[in-house]
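A short reminder: the numbers here are calculations on the coordinates, not readings from a lab. Predicted, not measured: the structure shown is a model, and the values here were computed from it. Cβ placement follows ideal geometry from the backbone for every residue including glycine, while neighbour counts extend to all protein chains displayed.
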Amino acid sequence: MKLLEHQAKAILDRSGIRLPRSIVVTSPAEARAAAAGLGGRVAVKAQVRSGGRGKAGGVVLVDDAEAAEVEAERLLGSVLADETVASLLIEEAIDIAAERYVAVAVEPSRGLAVIMRSDRGGVDIESMTDAIEVTPLAAFAPEDGPRGEIDRRLIDIFTETEALLVEVNPLAETTDGELVALDAKIELDDAADFRRDPELVPDLEAAADTATGTERERAAAELGLRLIELGGDVAVLANGAGLTMATMDAIANSGGRAANFLEIGGDAYTKATPALELVLSQPGVRSLLVNFCGAFARCDVMTAGVLEAWQALRPDLPVSFSISGTGQDEARAMVRDQLGIDPHETMREAVTEAVAAAAEAASTQEVER
Ligand code: GDP
Ligand code: MN
């Protein structure tokens, strides 16, 4: 999970790394007050997880509180690289003499933790890979002095929080010769969530994954459902990540495009009504594919959930079922009884039907227009 800048900075702050003074705000009025409190000259910084905010207009330096309010008004609620800006960091402006780069990261290609350092930091660092010195942590000895001290602290943060990345870019050298972390990125290793000391990562609740994604994806996440929107016209409910991915492939292979998918495995069938509502509320959906493969999860239990949702919502669009595995006979009978359609025995047949139904609905709409 990627932390927001202000969450990453809270961790750096605790380890004693120098930061500009800053305040998190969620409204233009708060931005104005925060800027005034910080002396007027501030950086207004969109709190989004994607990099390159500066270049996308998400970091703006202003001279007074009024201008901070104007920028806050512009940024809050806007979309930067697919993320809606919900909060801003108002940060005292720093007079920068030089920008440095430092990151501690897992380098997946080599399976190594490395430290990356450069005397040239800033927004163009990605295109200056030659200027970055990469050293495996195991072979790294921090130098004496303030720069080495920062390296040491970042390495400790990386190790203690079980991060995949701890990056400071720029590490600004001020005109007074001090080193200040102007920007910070931390990505935690989700696989270590269960054993990470919660004290190490403040505010983690607020950082949960519900903060990313489209509006419907976030609504799903808040219900504990996994929905991904894709933009085609076949909505998909399937159980389990593997079957869901296979379903995506099968739709593409038969010339269709999935509108979205929602994994309805585990206990998600108990939330089938909001699940169905979410997948069908996406504009452009023209057919629904329900693909269940039972093993521990029983087809009849999952199907009962979906049928209950169907009765509650009574949607007006074609639906195709593929049902096989544990409980398949009961499940197929339920669909036949309640919807008067025959579930398919193979995924291929159901996919072909759902893709054709969507195409048919699309051409009918064309004719009506
Ligand atoms: P990023 O684009 O997401 O990496 O956002 P950063 O927080 O790194 O900001 C982008 C750039 O804005 C930095 O590299 C700095 O050059 C500049 N910047 C940010 N804050 C300040 C500041 O307080 N003073 C000055 N002079 N420049 C700043
Ligand atoms: Mn940066």
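Of everything in segment 52-110 that is of a type in the set (Ser, Thr, Tyr) and more than 16 Å from ligand 2 (Cβ to nearest atom), the residue that is surrounded by the most Cβ atoms within 10 Å (Cβ to Cβ) is Ser87.
Sort through Leu171, Leu165, Leu154 and tell me the only one that's under 23 Å from the mean Cα position of the chain (by Cα) and either under 27 Å from Glu91 (Cβ atoms) or in a loop (DSSP other than H, G, I, E, B) (or both). Please lay out each step first, then the result.
Numbers: Leu171 fails: under 23 Å from the mean Cα position of the chain (by Cα); Leu154 fails: under 23 Å from the mean Cα position of the chain (by Cα).
The conditions single out Leu165.
Restricting to segment 339-359, name every residue that is assigned to a helix (DSSP H, G or I) and free of Cβ contacts under 8 Å to residues at least 60 places away in the same chain. Before you say what the answer is, go through the steps one by one.
Kept after step one, since they are assigned to a helix (DSSP H, G or I), are these residues of segment 339-359: 339, 347-359.
The answer is Leu339, Glu349, Glu353, Ala356.
Scan segment 253-262 for residues that are surrounded by fewer than 21 Cβ atoms within 10 Å (Cβ to Cβ) and in contact with a Gly (Cβ under 9 Å, 6 or more places away or on another chain) and the total you get is 1.
Out of Pro170, Pro146, Pro142, Pro136, one residue alone is under 22 Å from Val44 (Cα atoms) and either surrounded by 14 or more Cβ atoms within 10 Å (Cβ to Cβ) or not hydrophobic (A, V, I, L, M, F, W, C) (or both). It is Pro170.
Annotation: Gly122 fulfils all but one of (1) over 30 Å from Glu217 (Cβ atoms); (2) within 12 Å of ligand 1 (Cβ to nearest atom); (3) under 22 Å from the mean Cα position of the chain (by Cα); (4) not hydroxyl-bearing (Ser, Thr, Tyr); the unmet one is (3).
One line per residue, one yes/no per condition, for (1) of a type in the set (Phe, Trp, Tyr); (2) under 18 Å from Leu3 (Cα atoms); (3) near ligand 1 (Cβ under 8 Å from one of its atoms):
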{"position": "Gly37", "(1), (2), (3)": "no, no, no"}
{"position": "Gln47", "(1), (2), (3)": "no, yes, no"}
{"position": "Gly58", "(1), (2), (3)": "no, yes, yes"}
{"position": "Leu61", "(1), (2), (3)": "no, no, yes"}
{"position": "Glu66", "(1), (2), (3)": "no, no, no"}
{"position": "Glu92", "(1), (2), (3)": "no, no, yes"}
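Taking the numbered list (1) out of contact with any strand residue (DSSP E or B) (no Cβ under 8 Å at 6 or more places or on another chain); (2) under 20 Å from Leu339 (Cβ atoms); (3) among the small types (Gly, Ala, Ser) in turn, Ala235 passes all entries but (1).
Every test in (1) more than 16 Å from ligand 2 (Cβ to nearest atom); (2) crowded, with 21+ Cβ neighbours inside 10 Å is passed by Gly121 save one, and that test is (1).
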